[in-house]
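Have a look at the structure below, then the notes.
Coordinate-derived values only; no laboratory data. What you are looking at is a predicted structure, and each value in this text was computed from that prediction instead of being measured. Here the Cβ is made from the backbone with ideal geometry for all residues, glycine too, and neighbour counts use every protein chain on show.
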Amino acid sequence: MAGKVYLVGAGPGDPGLITVRGLACLRRAELVIADHLVNPALLDEAPLAAEVIVRPERRSGPYGAQEEINRLLVERGRSQLVVRLKGGDPFVFGRGGEEAEALAAANIAFEVVPGVTAAIAAPAYAGIPVTHRGLSGVVAFATGHEAEDPPRPGSRIDWDAVARGAGTLVLYMSVNRLGEVVRRLLAAGRSPDEPVAIVERGTLPGQRTLEATLGTIVARAAEAELRPPALTIVGEVVRLREKIAWFDRRPLFGRSILLLATRAGELAPGDEDDGAELVTVSPLQVVPRFSAIKQALGKLDELRAIALASVHAVDALFGALTALGRDARALAGIKLAAIGEATARRLEERGVTADLIATQGGAALAEEILGAGWSGPMLVARALAGREELSEALGRAGLAVTVIDAYETVADSAALGRAARRHRLRPFDAIGFASPKGARAFLEVLGATRLLDGTLLGAIGETTRAALVEAGLTVEVMPAHPELAALSSELRRALAARSKLK
Ligand code: SAH
């Protein structure tokens with residue numbers, strides 16, 4: 001098959017700012033070559049089978065040199081679907097033009113998918129329109145990289161012309177050369193009183209905006225210890241920020257929440273616009289136990305009811321059905337009980353509807369099942385070493401119940417290690433735990449519970465809460481129903497209430 005290379009703009013940081021076309025290319029990629037500034041969350045969109053190469057920040061070592069990237073694009077683009085994922089827009093200070101030249105010269109098919117460039121997005125997220133009626137009708141994008149004094153031979157930037165010609169100047173790669181840039185603008189006649197803003201990590205949860213004037217910005221930037229990636233915006237439009245800043249004025253901006261749940265990835269981070277950074281980590285890996293289920297399904301045709309303890313139990317059940325060459329039709333006539341809304345939704349996705357949706361398992365569910373007049377034989381599909389209350393209560397009432405350990409969970413130490421390290425570096429403001437086992441695994445990797453002083457803790461339900469309390473912790477948040485989305489929104493509510501007290 002003939003290959004093709006897509007030069008795709010990933011946007012400035014917020015993963016939601018990639019284009020629909022860019023995302024579609026990414027989802028079909030066989031090879032992804034990403035720049036270090038590209039948000040890693042986007043790489044999860046590539047197919048599992050895709051090869052992913054991330055260029056290092058330092059332009060040394062493997063894939064550091066531009067020539068090497070060009071060679072790789074030409075080599076692999078002949079036969080593979082390659083996505084070259086670049087920060088912002090590929091053709092704005094991204095060397096995308098050079099890559100396209102190399103591809104054109106080698107006769108490799110390519111397309112360019114533009115992206116939202118940092119000079120548009122970072123000011124927008126800081127509440128600064130780059131043009132504004134009555135204030136600025138010309139905007140210039142330049143790189144501060146070429147602001148050396150005296151000018152670098154071959155530098156193409158006529159700073160005098162730039163300074164005089166444009167109302168708004170947006171300067172890429174400018175923090176490390178801020179002194180030179182400002183000197184040149186002042187020398188070209190811009191006023192020392194003119195407003196300047198520097199936006200660091202624009203569109204990301206850690207976005208910082210520093211406001212000053214051309215006369216004061218150099219000292220202020222040094223004080224604030226600004227670091228790349230950052231953009232400098234010069235012009236009267238900076239004053240509008242005072243009125244229309246929005247991103248960093250949201251109630252939970254700057255706050256971070258960690259959700260430790262095997263299904264946390266299903267919560268879309270954009271669902272709540274309160275500004276909190278949501279980090280989701282799965283503390284446990286789920287391993288289906290197909291042979292146990294297949295064995296239990298041997299007598300499928302005699303079964304009258306199945307209770308499913310979780311989403312994972314649904315997945316394991318359907319995995320086993322598939323392995324047996326069966327599908328959802330095999331469940332016709334069998335009553336299904338789902339514990340939790342999410343479990344019921346998963347059944348729905350698989351094409352079957354739960355007859356009974358319980359908010360809690362255990363004895364309460366047994367009562368509901370008996371009250372509804374269900375009969376056996378019945379399967380209870382749950383985690384290995386899961387709770388026994390449901391099957392015991394049903395058994396006592398005379399129902400023939402078989403319990404299957406449909407899956408087991410094992411601690412994912414790599415994922416837990418990453419979450420714990422991030423907490424040690426920059427403590428989360430809130431942490432939500434979705435299972436007792438996941439909670440214990442996290443505490444073990446974290447080491448000392450005192451590292452959680454000052455962090456708001458939430459538990460999805462009673463057993464998880466008990467595990468935390470046993471470890472000597474105080475749990476302040478527990479939703480009325482044991483649902484992940486409810487845990488997440490209760491944590492947000494409690495965080496907001498806490499901020500108000502301060
Ligand atoms: N092609 C990219 C620019 C690459 S040059 C684009 O179109 O945006 C890298 C420079 O872009 C950085 O030094 C910084 O000046 C700017 N930049 C990239 N991401 C940024 C961000 N999230 N916030 C502020 N500036 C950013």
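Quick notes
- Over 18 Å [Cα-Cα, segment 413-502], rounded percent: 41 percent
- Rg to Rh, two decimals, where the chain supplies the alpha carbon set and Rh follows Kirkwood: 1.07
- Coordinate range along principal axes, alpha carbons of segment 213-287, Å, largest first: 61, 26, 16
- Between the C-alpha center of segment 327-362 and that of segment 70-139 there is a gap of 47 Å.
- Length, then width, then depth: along the principal axes, the Cα atoms of segment 188-239 run 35, 22, 17 Å.
- For segment 283-412, the Kirkwood estimate of hydrodynamic radius, built from reciprocal distances between every pair of different alpha carbons, is 14.4 Å.
- The string of couplings for segment 228-241 from the Karplus curve (6.51, -1.76, 1.60, θ = phi - 60°) is x, x, 8, 10, 10, 10, 10, x, 4, 4, 4, 5, 5, 3 Hz, one whole number per residue in order, with x for Gly and Pro.
- For segment 8-119, the fraction of alpha-carbon pairs in successive 5 Å shells from zero, as %: 2, 13, 24, 27, 22, 10, 1
- With viscosity 1.567 mPa s and temperature 4 °C, the Kirkwood radius over alpha carbon pairs of segment 313-352 converts through Stokes-Einstein to a diffusion coefficient of 124 µm²/s.
- Derived scalar couplings between HN and Hα for segment 355-371 equal 7, 9, 10, 9, 7, 10, x, x, 4, 4, 5, 4, 4, 4, 5, 5, x Hz in order, rounded to whole Hz, by the Karplus curve 6.51 cos²θ - 1.76 cosθ + 1.60 (θ = phi - 60°), x for Gly and Pro.
- For the chain, the mean residue ellipticity at 222 nm estimated from helices alone is -9500 deg cm²/dmol, where every DSSP H run of n ≥ 4 contributes -39500 (n - 2.57) and the total is divided by all residues, rounded to the nearest 500.
- Net charge, LYS294 excluded, C-beta distance under 15 Å - Lys, Arg +1, Asp, Glu -1: -1
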